Amino acid sequence: MNTPKHTPSASQEKSANPLWGGRFQGNSAPLLQQINASIDVDNRLFEEDIDGSKAHAAMLADAGIISRADAAAIAAGLETVRGELQRGELPFRVELEDIHMHIETRLKELIGDAGGRLHTGRSRNDQVVTDFRLWLRRALDGLDGDIRGLALALMGQAKRHSETILPGFTHLQPAQPVTFGHHLLAYENMLRRDRGRFRDCRERLNESPLGAAALAGTTYPINRQQTANALGFRAPMENSLDAVSSRDFALEFLSSAAILGIHLSRLAEELVLWTSPAFGFVKLSDAYTTGSSIMPNKKNPDAAELVRGKAASLLAAFQHLGGILKSLPLAYAKDLQDDKAIVFSAVDTVSLLLRAMTGMITDMTAQPEAMRRACAAGFLLATDLADWCVQELKLPFREAHHIAAKAVAICEARGSVDLDTLTESELKSLHPLLDTRVLPLLTLEQAVHRRISYGGTAPSQVMAALERAETFWQEAV
Ligand code: ARG
């Protein structure tokens, strides 16, 4: 392990830790260091930590709590540390626990005593959660772009396939024909809400805990509004105990991430089904499929399967942080340190899944003939026959339903899959008013083109939906 480069001052000579070891005689057990240190995880907060410290130091100077000269030295020193961290030049030392102590220790090495004044009127408790909120705010802005990327990919395919017909399912049983564009835009609609949830989360988390200090506020005449403004927060958080110990902003992100994960997993599952020869509706590109080491015939949708599988870790992440939070008395407790690993990994996962899915959707090729072949099974036009009886013969829908069901039974009995093979006499046997006028309506094209109700599957509705989608996704963060 590296030894600190600086010489400890007299008061720190025997202490176990340069930052908090004042009352300690002995050294920390290596196992304490192992369980306590978070630097391997929270080094990802270094930019935010430096931004937060600079805002704090400037405020301390403006409030007359530290001198302008010290504040200037702190700001310059912090920029030096930032450069060192950006270039990976600052070695991490487990005895310095976390990113806050690394930065502060290095600052003191660089600028001496002035560095020791930075932590006035502040605690690591408000510091860490300030950093964390800033980090998640930025991460959410990045994820917004990832979500939009997938939405645009879905819209591109939907435009290409506004008229492509495939069976729509309920219970995974053939139900009614739908257009592929309509099917894909269902996921685009889910993504709009996912984006909305992330935005709500960003809006609610955008308050500053800085200045809550350890838990109770501080005796220094600090200006919390100033640091909140400097860091782009809407306002300082109102209650210091809440500020240092609440993590519902992280939980809110994780719940939204879990829901997004569920959506991605459903789409992934459809890709897995559609690429199986039993369906054959879609071909994924070589870029997003893998072969088998033993079966030369294989082309597997691994990326889709991994999206489906990894979505589980997003559900688990919510459980994990919820479990940490649910029995914590106020205010800060070290359990909270583990919040970051959970959220960092969830952000990485959400981004990866979104980008992998975007790649798959962009590259996939729909197989309209296979989709059409699949429409032969399941009497997808039975509802259309019933609807005609209602619309043209003015029969009650229940009776019409019964007639159409009988029509299906007749066709099935003679081994035909198409309702438009019904003969004049078969139709008459179903109802005296029924005749062959209905037959031209019993085509897949008619079925989808006539479903023009708002939000329906008709190509005209798909194009209208696409226009709305384009307006929605044009809007910047
Ligand atoms: N590394 C700590 C965390 O992530 C910083 C806060 C430490 N506070 C304390 N009272 N020990 O939570």
For the subset of the range 3-28 comprising residues that are modelled with pLDDT under 70 and of a type in the set (A, V, I, L, M), which member is nearest to the ligand (Cβ to nearest atom)? Ala16
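So, of the residues in the range 121-153 that are among the β-branched types (Val, Ile, Thr) and under 20 Å from Ala331 (Cα atoms), which turns out to be nearest to the ligand (Cβ to nearest atom)? Show your work before the answer.
So in the range 121-153, the residues among the β-branched types (Val, Ile, Thr) come out as 128-130, 147.
Applying the additional criterion that residues be under 20 Å from Ala331 (Cα atoms) yields 128-130.
Working: Val128: 4, Val129: 8, Thr130: 11 Å.
The residue in question is Val128.
List the helices (runs of 4 or more DSSP H) that sit entirely inside the range 138-251 and contain at least 3 residues that are open to solvent by 60 Å² or more (accessible area, probe 1.4 Å).
180-205, 224-230
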Of (1) in contact (Cβ under 8 Å) with a residue 60 or more places away in the chain; (2) open to solvent by 40 Å² or more (accessible area, probe 1.4 Å), Gly323 satisfies all except one. Which? (1)
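In the range 436-477, which residue that is outside any helix (DSSP H, G or I) and in contact with an Asp or Glu (Cβ under 6 Å, 6 or more places away or on another chain) is least open to solvent (accessible area, probe 1.4 Å)?
Leu442
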With Asp146, Asp131, Asp141 as the choices, which residue is acidic (Asp, Glu) and over 19 Å from the mean Cα position of the chain (by Cα)? Asp131
One residue from Ser240, Ser265, Ser276 being of a type in the set (Ser, Thr, Tyr) and touching a helix residue (DSSP H, G or I) at 6+ places or on another chain (Cβ under 6 Å): Ser265
Which residue is surrounded by the fewest Cβ atoms within 10 Å (Cβ to Cβ), if the candidates are limited to the range 326-347 and must be more than 13 Å from the ligand (Cβ to nearest atom) and more than 22 Å from the chain's Cα centre (by Cα)? Pro329
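Can you tell me how many residues in the range 314-331 are part of a helix (DSSP H, G or I), over 18 Å from Thr349 (Cα atoms) and small (Gly, Ala, Ser)?
Qualifying residue count for the region: 2.
What helices (runs of 4 or more DSSP H) lie completely within the range 17-113 and have 2 or more residues being of a type in the set (Gly, Ala, Ser) and farther than 24 Å from Asp339 by Cβ?
46-62, 68-86
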Could you list, in sequence order, all residues of the range 365-380 that are within 18 Å of Gln446 (Cβ to Cβ) and exposed (fewer than 14 other Cβ atoms within 10 Å of the Cβ)? Ala376
Within the range 381-416, which residues are within 17 Å of Pro432 (Cα to Cα), crowded, with 17+ Cβ neighbours inside 10 Å and within 44 Å of the chain's Cα centre (by Cα)? Leu385, Ala386, Asp387, His401
Taking the range 82-103 as the region of interest, how many residues are in contact with a Ser or Thr (Cβ under 8 Å, 6 or more places away or on another chain) and away from the ligand (no atom under 11 Å from the Cβ)? 2
Pairs only if they're at least six apart or on different chains, beta carbon under 7 angstrom, first in the range 97-117 and free of Cβ contacts under 8 Å to residues at least 40 places away in the same chain, second hydroxyl-bearing (Ser, Thr, Tyr) and assigned to a helix (DSSP H, G or I); list them, first residue then second. Leu110/Thr80
Quick count over the range 65-108, residues being more than 30 Å from Ser28 (Cα to Cα), open to solvent by less than 20 Å² (accessible area, probe 1.4 Å) and not hydrophobic (A, V, I, L, M, F, W, C), is 1
Looking across the range 111-132 at residues that are open to solvent by less than 10 Å² (accessible area, probe 1.4 Å) and of a type in the set (D, E, K, R), the single one that is nearest to Asp49 (Cα to Cα) is Asp131
Yes/no for Leu31 being away from the ligand (no atom under 16 Å from the Cβ), open to solvent by less than 10 Å² (accessible area, probe 1.4 Å) and more than 18 Å from Leu110 (Cα to Cα): no
Pairs, please: C-beta under 6 Å, at least 6 apart or cross-chain, first residue among the small types (Gly, Ala, Ser) and in the range 119-142, second modelled with pLDDT of 95 or more? Gly121/Thr218; Gly121/Tyr220; Gly121/Ile222; Ser123/Ala213; Ser123/Ala214; Ala139/Val347
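For the range 384-395, does any single residue satisfy the condition of being touching a residue at least 12 places away in the same chain (Cβ under 8 Å), under 28 Å from Leu152 (Cβ atoms) and acidic (Asp, Glu)?
Kept after step one, since they are touching a residue at least 12 places away in the same chain (Cβ under 8 Å), are these residues of the range 384-395: 384-389, 392-393, 395.
With under 28 Å from Leu152 (Cβ atoms) added as a condition, the list becomes none.
No, the range 384-395 has no match at all.
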Among the candidates Ser292, Ser256, residue that is open to solvent by less than 30 Å² (accessible area, probe 1.4 Å) and either within 30 Å of Gly52 (Cβ to Cβ) or without any contact (Cβ under 8 Å) to a residue 60 or more places away in the chain (or both): Ser256
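The values are calculated or read from the model by the stated rules, or taken from the named source; none is laboratory data. All values reported here derive from a predicted model rather than from experimental measurement. In this analysis, Cβ positions are derived from the backbone assuming ideal geometry, glycine residues included, and neighbour counts consider all displayed protein chains. Just so you know, the surface numbers come from the protein's heavy atoms only, side chains and all, with ligands and any DNA or RNA stripped out. Shrake-Rupley method; radii C 1.70, N 1.55, O 1.52, S 1.80 Å.
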